[in-house]
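Student: After the structure tokens below, expect a handful of questions from me.
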Amino acid sequence: MHTIQELQQIIDKAVKETAYPATPKELYEPISYLMSLGGKRLRPALVLMATDLFGGAIEDAISPALAVELFHNFTLMHDDIMDKAPLRRGKPTVHAKWNEAVAILSGDVMFVKAYQMMIQVKPDILSSVLAIFNETAIGVCEGQQIDMNFECRAQVGIPEYLEMIKLKTAVLLGGALKIGALIGNASEKDAQNLYDFGVNLGIAFQLQDDILDVYGDPEKFGKQVGGDIISNKKTFLLIKALELAKGAKADELNHWLNLKTFDSKEKVKSVTAIYDSLGIRQLSEELMNDFADKAYQALDSIHLPETQKQTLNDFATLLVDREH
């Protein structure tokens, strides 16, 4: 079995060795630029990890793994346009460096290139793999739209929020693992268990991200702590606080949510204090651990020796027990 780091290195090497046409320069150069910005390469590594888990050949999984990475970066390129984000991984976003039209068209080509790479799987699993990839891609887009819809709504329920993060974040982890499992000749039942592992782990990962945004160490988290509070982002923490806050606490919370001009540090400090008084961090961690437990249960259900599943256990720990 390969380690997570070895699989990430394999993907990183494959990304660097992938060449795109020289012309039109404005179409392909942004793709090379975005793909060169790095990242953890965890999603494509999952494809390799699942293939490796069931004794498949890593080489057979490299093209579909690259497809997953291309698709993921395509969503980032378009998300950055929607969010009007100036930076991605500390560098100018594609639409900032070129323009929005270039970013839209280059993103479209990335999506097509992802399909070109995904169809390089063996013919006997092609139909199943494409069905998973299609369902995953649609789910991610649905999740993004639901998240945008939340911005225009005063109230969002916790089940709605969990469904949104499942679609926007978690199904891609599950889909990557299931595709890798099929490449490794896993049974349909084991492939589905691995999918469930990935989805539940993905939800736990996003809940941990919500927690770290408020309570993380800025040096380790790598971005502004309290960003979700400043932007009134409807995370589990805020939704739960709105549900639990009564009387003066509810008035204070709504005051900060409705304030148009404010001191960012003061808002973060005040809203965090409300969260603390309501036990929001503990409730968030309990929910996160519930989904992590579901992920481990799905992994336990896979009919393989525990030693073979160690890399996936390590991966789960890496995602959930993190400080950034």
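The values are calculated or read from the model by the stated rules, or taken from the named source; none is laboratory data. What you see is a predicted model; the values in this text were computed from it and never measured. As a convention, Cβ positions derive from the backbone with ideal geometry for all residues, glycine included, and neighbour counts pool all protein chains shown.
Student: Can you tell which of ASP210, ASP228, ASP217 is closer than 26 Å to ALA292 by Cβ, charged (D, E, K, R) and under 15 Å from the mean Cα position of the chain (by Cα)? Outline the logic, then answer.
Tutor: Numbers: ASP228 fails: under 15 Å from the mean Cα position of the chain (by Cα); ASP217 fails: under 15 Å from the mean Cα position of the chain (by Cα).
Step by step, each of ASP210, ASP228, ASP217 is checked, and only ASP210 is closer than 26 Å to ALA292 by Cβ, charged (D, E, K, R) and under 15 Å from the mean Cα position of the chain (by Cα).
Student: When you check GLU142 against the structure, is it farther than 30 Å from LEU304 by Cα and not assigned by TED's automatic domain parsing to the domain that holds GLU285, yes or no? Show your work before the answer.
Tutor: Details: farther than 30 Å from LEU304 by Cα: yes; not assigned by TED's automatic domain parsing to the domain that holds GLU285: yes.
In short, yes.
Student: Considering only the range 43-60, I want to know if a residue exists there that is more than 23 Å from GLY139 (Cα to Cα) and under 20 Å from the mean Cα position of the chain (by Cα).
Tutor: Checking the range 43-60: not a single residue is more than 23 Å from GLY139 (Cα to Cα) and under 20 Å from the mean Cα position of the chain (by Cα).
Student: I've got another one for you. What are the residue pairs meeting all of these: first residue in the range 63-91, first residue assigned by TED's automatic domain parsing to the domain that holds LEU46, second residue charged (D, E, K, R) and not in a helix (DSSP H, G or I), Cβ atoms under 7 Å, and 6 or more apart or on different chains?
Tutor: GLU69/ARG41; LEU76/ARG88; ASP80/ARG88
Student: Another one. Can you tell me which residues in the range 86-111 are outside any helix (DSSP H, G or I) and either farther than 24 Å from LEU167 by Cβ or among the hydrophobic types (A, V, I, L, M, F, W, C) (or both)?
Tutor: Residues of the range 86-111 outside any helix (DSSP H, G or I): 86-93, 98-99.
PRO86, LEU87, GLY90, LYS91, PRO92, TRP98, ASN99 - these are the residues of the range 86-111 that are outside any helix (DSSP H, G or I) and either farther than 24 Å from LEU167 by Cβ or among the hydrophobic types (A, V, I, L, M, F, W, C) (or both).
Student: Another one. In the set GLY39, GLY55, which member is surrounded by fewer than 18 Cβ atoms within 10 Å (Cβ to Cβ) and at positive phi? Spell out how you get there, then give the answer.
Tutor: Details: GLY39 fails: surrounded by fewer than 18 Cβ atoms within 10 Å (Cβ to Cβ).
Being surrounded by fewer than 18 Cβ atoms within 10 Å (Cβ to Cβ) and at positive phi holds for just one of GLY39, GLY55, which is GLY55.
Student: Counting only residues that are out of contact with any helix residue (DSSP H, G or I) (no Cβ under 7 Å at 6 or more places or on another chain), give me the helices (runs of 4 or more DSSP H) lying completely in the range 112-196 with at least 3 of them. Break it down into steps so the answer makes sense when it comes.
Tutor: Numbers: elements: 123-150, 158-165, 171-183.
Here the list reads 123-150, 158-165.
Student: Determine whether LYS294 is charged (D, E, K, R), assigned by TED's automatic domain parsing to the domain that holds PRO218 and within 16 Å of GLY174 (Cα to Cα). I'd like the intermediate steps shown before the answer.
Tutor: Numbers: charged (D, E, K, R): yes; assigned by TED's automatic domain parsing to the domain that holds PRO218: yes; within 16 Å of GLY174 (Cα to Cα): yes.
The answer is yes for LYS294.
Student: Among the residues of the range 229-238, count how many are free of Cβ contacts under 8 Å to residues at least 60 places away in the same chain and either buried (at least 20 other Cβ atoms within 10 Å of the Cβ) or assigned to a helix (DSSP H, G or I) (or both). Steps first, please.
Tutor: Keep residues of the range 229-238 that are free of Cβ contacts under 8 Å to residues at least 60 places away in the same chain, which gives 229-233, 237-238.
From what's left, either buried (at least 20 other Cβ atoms within 10 Å of the Cβ) or assigned to a helix (DSSP H, G or I) (or both): 229-230, 237-238.
The total comes to 4.
Student: I want to confirm something. Restricting to the range 75-119 and keeping residues that are of a type in the set (Val, Ile, Thr) and over 15 Å from ALA61 (Cα atoms), which single residue is surrounded by the most Cβ atoms within 10 Å (Cβ to Cβ)? Steps first, please.
Tutor: Going residue by residue through the range 75-119, those that are of a type in the set (Val, Ile, Thr) are 75, 81, 93-94, 102, 104, 109, 112, 119.
Now narrow it down to the ones that are over 15 Å from ALA61 (Cα atoms): 75, 81, 93-94, 102, 104, 109, 112.
Details: THR75: 20, ILE81: 18, THR93: 24, VAL94: 27, VAL102: 18, ILE104: 14, VAL109: 17, VAL112: 10.
Going through the qualifying residues, I end up with VAL94.
Student: Do the conditions hold for GLN297, that is, is it part of a helix (DSSP H, G or I), polar (S, T, N, Q), over 19 Å from the mean Cα position of the chain (by Cα) and within 26 Å of GLY143 (Cβ to Cβ)?
Tutor: On the way: part of a helix (DSSP H, G or I): yes; polar (S, T, N, Q): yes; over 19 Å from the mean Cα position of the chain (by Cα): yes; within 26 Å of GLY143 (Cβ to Cβ): yes.
It is true that GLN297 is part of a helix (DSSP H, G or I), polar (S, T, N, Q), over 19 Å from the mean Cα position of the chain (by Cα) and within 26 Å of GLY143 (Cβ to Cβ).
Student: Go through the range 256-268 and give me each residue that's surrounded by 13 or more Cβ atoms within 10 Å (Cβ to Cβ) and within 14 Å of LEU238 (Cα to Cα).
Tutor: TRP256, LEU257, LYS267, VAL268
Student: To continue, here is another question. Which condition does GLY222 not pass, out of (1) at pLDDT 95 or above; (2) in contact with a His (Cβ under 7 Å, 6 or more places away or on another chain); (3) outside the structural domain of CYS152 (by TED's automatic domain parsing), if it passes all the others?
Tutor: Single failed check for GLY222: (1).
Student: Would you say GLN297 is modelled with pLDDT under 95, under 22 Å from ILE4 (Cβ atoms) and not aliphatic (A, V, I, L, M)? Break it down into steps so the answer makes sense when it comes.
Tutor: Working: modelled with pLDDT under 95: no; under 22 Å from ILE4 (Cβ atoms): yes; not aliphatic (A, V, I, L, M): yes.
No.
Student: A follow-up question, please. Can you tell me which residues in the range 237-279 are under 27 Å from the mean Cα position of the chain (by Cα) and at positive phi?
Tutor: GLY279
Student: Something else: If the requirement is being crowded, with 16+ Cβ neighbours inside 10 Å and in a helix (DSSP H, G or I), which of these qualifies: ALA241, ALA250, ALA273? Step through it out loud before you land on a result.
Tutor: Values: ALA250 fails: crowded, with 16+ Cβ neighbours inside 10 Å; ALA273 fails: crowded, with 16+ Cβ neighbours inside 10 Å.
Within the list ALA241, ALA250, ALA273, the selection yields ALA241.
Student: Quick check on the range 120-137. Is at least one of its residues without any contact (Cβ under 8 Å) to a residue 24 or more places away in the chain, polar (S, T, N, Q) and buried (at least 19 other Cβ atoms within 10 Å of the Cβ)? So that I can check it myself, show each step before the final result.
Tutor: Filtering the range 120-137 down to residues without any contact (Cβ under 8 Å) to a residue 24 or more places away in the chain leaves 123-124, 126-127, 130-131, 134.
Next cut, polar (S, T, N, Q) only: 127, 134.
If we keep only those that are buried (at least 19 other Cβ atoms within 10 Å of the Cβ) as well, we get none.
No: the range 120-137 contains no residue that is without any contact (Cβ under 8 Å) to a residue 24 or more places away in the chain, polar (S, T, N, Q) and buried (at least 19 other Cβ atoms within 10 Å of the Cβ).
Student: Would you pick out the residues in the range 276-289 that are free of Cβ contacts under 8 Å to residues at least 60 places away in the same chain and in a helix (DSSP H, G or I)?
Tutor: Keep residues of the range 276-289 that are free of Cβ contacts under 8 Å to residues at least 60 places away in the same chain, which gives 276-280, 282-283, 286.
Once the filter is applied, which keeps residues that are free of Cβ contacts under 8 Å to residues at least 60 places away in the same chain and in a helix (DSSP H, G or I), the range 276-289 yields ASP276, SER277, LEU278, ILE280, GLN282, LEU283, GLU286.
Yes or no, residue by residue, for (1) assigned to a helix (DSSP H, G or I); (2) in contact (Cβ under 8 Å) with a residue 60 or more places away in the chain:
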| position | (1), (2) |
| --- | --- |
| HIS2 | no, yes |
| GLN5 | yes, no |
| ILE10 | yes, no |
| LYS13 | yes, no |
| PRO21 | no, no |
| GLU26 | yes, yes |
| GLY38 | no, no |
| PRO44 | yes, yes |
